[in-house]
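S.K.: Take this structure first; my questions come after.
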Amino acid sequence: MAAVLKPNWRLCAGDWASHDLEHITSRLRIQVKQSAARQTWHTSVSKQSPARFSIATKSGRYEGSDFISEPGRNAEIYIFAWHEDVRDSCDHADPAQWKFFVVAEHDLPVQSSIGLSWLKANCHPTDFAGLLDTVDSLAVQIAPR
């Protein structure tokens, strides 16, 4: 994911990071959430995991090992990645097999999680090739001026 968003976005996920990517100039933050219909514990192609993504607010965030009390969500942009292929031949490592829903945090509902039905009703999915343009377009709309 970080590779397609370079050079404008830098990967900052790791250790205690509260978000996954950060814009190099505006400092906007991205949180990536992912889910897949096929999971390794499924023994049948007919079994599918429902897409459910946590969007719960937090009491704060970490910067390194320091906790900063800052209630709310930890990013201005959320990317929800969905892999719907359940065939034996599906490959979660192939970014072309994923759909991406890019949402401004302020457009998310006030609840702890959302499902694929909410994303499909409120967002237009993009593929991996269109992800950078979709993210950058949204960032321009919400960046502080």
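The values are calculated or read from the model by the stated rules, or taken from the named source; none is laboratory data. Just so you know, these numbers come straight off a predicted model, no measurement behind them. Note that we place each Cβ from the backbone using ideal geometry, even for glycine, and neighbour counts take in every protein chain shown. Side chains are part of the model used for accessible areas, which takes the heavy atoms of the whole protein and leaves out ligands, DNA and RNA. Shrake-Rupley method; radii C 1.70, N 1.55, O 1.52, S 1.80 Å.
S.K.: Give me the residue from segment 96-135 that is acidic (D, E) and under 24 Å from T57 (Cα atoms) and, out of that set, surrounded by the fewest Cβ atoms within 10 Å (Cβ to Cβ).
M.R.: Taking segment 96-135 and keeping what is acidic (D, E), we get 105, 107, 127, 133.
Next cut, under 24 Å from T57 (Cα atoms) only: 105, 107.
On the way: E105: 18, D107: 11.
Taking the candidates together, the pick is D107.
S.K.: Something else now. Restricting to segment 136-145, what's the tally of residues that are open to solvent by 80 Å² or more (accessible area, probe 1.4 Å) and not in a helix (DSSP H, G or I)? Walk me through it before giving the result.
M.R.: From segment 136-145, those open to solvent by 80 Å² or more (accessible area, probe 1.4 Å) are 140-141, 144-145; that's our starting set.
Next, only the ones that are not in a helix (DSSP H, G or I) stay: 144-145.
Within segment 136-145, residues that are open to solvent by 80 Å² or more (accessible area, probe 1.4 Å) and not in a helix (DSSP H, G or I) number 2.
S.K.: A56: touching a residue at least 24 places away in the same chain (Cβ under 8 Å) and touching a Phe, Trp or Tyr at 6+ places or on another chain (Cβ under 8 Å), yes or no? Step through it out loud before you land on a result.
M.R.: Numbers: touching a residue at least 24 places away in the same chain (Cβ under 8 Å): yes; touching a Phe, Trp or Tyr at 6+ places or on another chain (Cβ under 8 Å): no.
So A56 fails the test.
S.K.: From the list S69, S35, which one is loosely packed, with under 15 Cβ neighbours inside 10 Å, part of a strand (DSSP E or B), of a type in the set (S, T, N, Q) and at pLDDT 85 or above?
M.R.: S69
S.K.: Within segment 9-32, can you find the residues that are open to solvent by less than 60 Å² (accessible area, probe 1.4 Å), at pLDDT 90 or above and either touching a Gly at 6+ places or on another chain (Cβ under 8 Å) or over 18 Å from A56 (Cβ atoms) (or both)?
M.R.: W9, L21, E22, H23, S26, L28
S.K.: Out of the residues in segment 72-95 that are surrounded by 15 or more Cβ atoms within 10 Å (Cβ to Cβ) and part of a strand (DSSP E or B), state the one that is modelled with the lowest pLDDT.
M.R.: H83
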